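Structure record follows, encoded as structure tokens.
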Amino acid sequence: MKSVELIDVTKTYGNGSVIIKNLNLSIQSGEFFVLVGPSGCGKSTILRMIAGLEGMTSGTLLIGGKPANLLPPSKRSLSMVFQNYALYPHLTARENIIFGLKAHRIGKDIVEKRLREAAEMLNLAPCLDRKPRQLSGGQRQRIALARSIVSEAPICLMDEPLSNLDAKLRARMRSEIRRIQRKIGTTMIYVTHDQIEAMTMGDRMAVLHDGTVQQIGRPIDVYNHP
Ligand code: ADP
Ligand code: ADP
């Protein structure tokens, strides 16, 4: 299991605008950590830096205590649910979900078992043989979630993973994601705008504003002491 630490991390984009300013965050192994903050405050950028999809301008990122610059994205032991889902358009839902497992040479029986369980949990069985363009936004989002869940990766990054689901499924997924995270001991970094998700899922949360942490703590304390 793996901790994630950002130490004095700064990120600027080409035009010189500072997105993340001297950010310090220490997320423990097995912790469910929620990130909230206004649109454009850099939440997705933080996830992408942790995933290694984007560089940091300065600072240190430690994954499992090791400097992440020594780890290419494929060695960071993480799965990510992107806001735009990032599915392969030419693959079916089933192929998208198990793509990473195949690449990691996970046995066929295990792949089938995980696929079946995830598809059932997410009501995806009727969609499995369709391609992303034949599916609704909510169905695509569920495929992205299933892909992350079947990976059983030690670190999981989720960017508003329930935003496109109806209220009933969203409620069910709040507890399912939490249950699976507990069972596997996943280190979870979870971006949301939803106060119910933060309150019911997070061990701790951080409120970001202008590229820095404005508040951090247990959700109940953060919401009670604005
Ligand atoms: P959030 O996820 O909190 O909505 P983002 O991390 O997506 O915020 O974006 C933070 C800021 O960085 C936004 O102002 C966005 O416009 C800007 N930004 C994101 N990606 C780029 C990029 N590749 N080049 C320049 N600016 C970017
Ligand atoms: P590789 O370069 O070894 O094929 P990947 O990029 O497929 O690595 O996977 C990198 C990490 O992401 C792995 O540690 C794994 O746990 C996780 N992962 C694997 N497959 C997926 C997937 N389909 N979706 C999300 N995360 C995945």
* To do: Please name all residue pairs, on different chains or six or more residues apart, with Cβ atoms under 9 Å, provided the first residue is in the range 121-133 and is over 15 Å from Val150 (Cα atoms) and the second residue is of a type in the set (Val, Ile, Thr) and open to solvent by 10 Å² or more (accessible area, probe 1.4 Å).
  => Cys127/Thr92; Asp129/Thr92; Arg130/Thr92; Lys131/Thr92; Pro132/Thr92
* Asked: Restricting to the range 155-168, what's the tally of residues that are out of contact with any Gly (no Cβ under 8 Å at 6 or more places or on another chain) and away from ligand 1 (no atom under 16 Å from the Cβ)?
  -> 4
* Asked: For the subset of the range 98-110 comprising residues that are under 19 Å from Ser74 (Cα atoms) and in a helix (DSSP H, G or I), which member is nearest to ligand 2 (Cβ to nearest atom)?
  -> Gly100
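Results for (1) within 16 Å of ligand 1 (Cβ to nearest atom); (2) under 20 Å from the mean Cα position of the chain (by Cα), shown as yes or no for each residue.
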position: Ser79; (1), (2): no, yes
position: Phe82; (1), (2): yes, yes
position: Ala119; (1), (2): no, yes
position: Ala125; (1), (2): no, no
position: Gln134; (1), (2): no, no
* Is it the case that some residue within the range 33-48 is within 16 Å of ligand 1 (Cβ to nearest atom), of a type in the set (Lys, Arg) and either open to solvent by 50 Å² or more (accessible area, probe 1.4 Å) or in contact with a Leu (Cβ under 8 Å, 6 or more places away or on another chain) (or both)? -> yes
* Sole exception among (1) crowded, with 19+ Cβ neighbours inside 10 Å; (2) within 18 Å of Ile184 (Cα to Cα); (3) of a type outside the set (Asp, Glu); (4) more than 13 Å from ligand 2 (Cβ to nearest atom) for Ile149, by number -> (4)
* Structure fact -> Conditions (1) within 16 Å of ligand 1 (Cβ to nearest atom); (2) among the β-branched types (Val, Ile, Thr); (3) modelled with pLDDT of 95 or more -> Ile7 fails only (1)
* Asked: Inside the range 49-63, can you point out the residues that are open to solvent by 40 Å² or more (accessible area, probe 1.4 Å) and either in contact with a Phe, Trp or Tyr (Cβ under 6 Å, 6 or more places away or on another chain) or within 14 Å of ligand 2 (Cβ to nearest atom) (or both)?
  -> Leu53
* Asked: Looking at this structure, is Gly211 surrounded by 15 or more Cβ atoms within 10 Å (Cβ to Cβ) and of a type in the set (Gly, Ala, Ser)?
  -> yes
* **Residue in the range 83-97 that is open to solvent by less than 40 Å² (accessible area, probe 1.4 Å), within 13 Å of ligand 2 (Cβ to nearest atom), β-branched (Val, Ile, Thr) and at pLDDT below 95 present** => no
* Structure fact -> The correct count of residues that are in contact with a helix residue (DSSP H, G or I) (Cβ under 6 Å, 6 or more places away or on another chain) and assigned to a helix (DSSP H, G or I) in the range 127-168 is 10
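The values are calculated or read from the model by the stated rules, or taken from the named source; none is laboratory data. Everything numeric in this text was worked out from a predicted model, so none of it was measured. Counting neighbours? That spans all protein chains shown, and the Cβs are built from the backbone with ideal geometry, glycine included. Note: areas computed on protein heavy atoms with side chains; ligands, DNA, RNA excluded. Shrake-Rupley method; radii C 1.70, N 1.55, O 1.52, S 1.80 Å.
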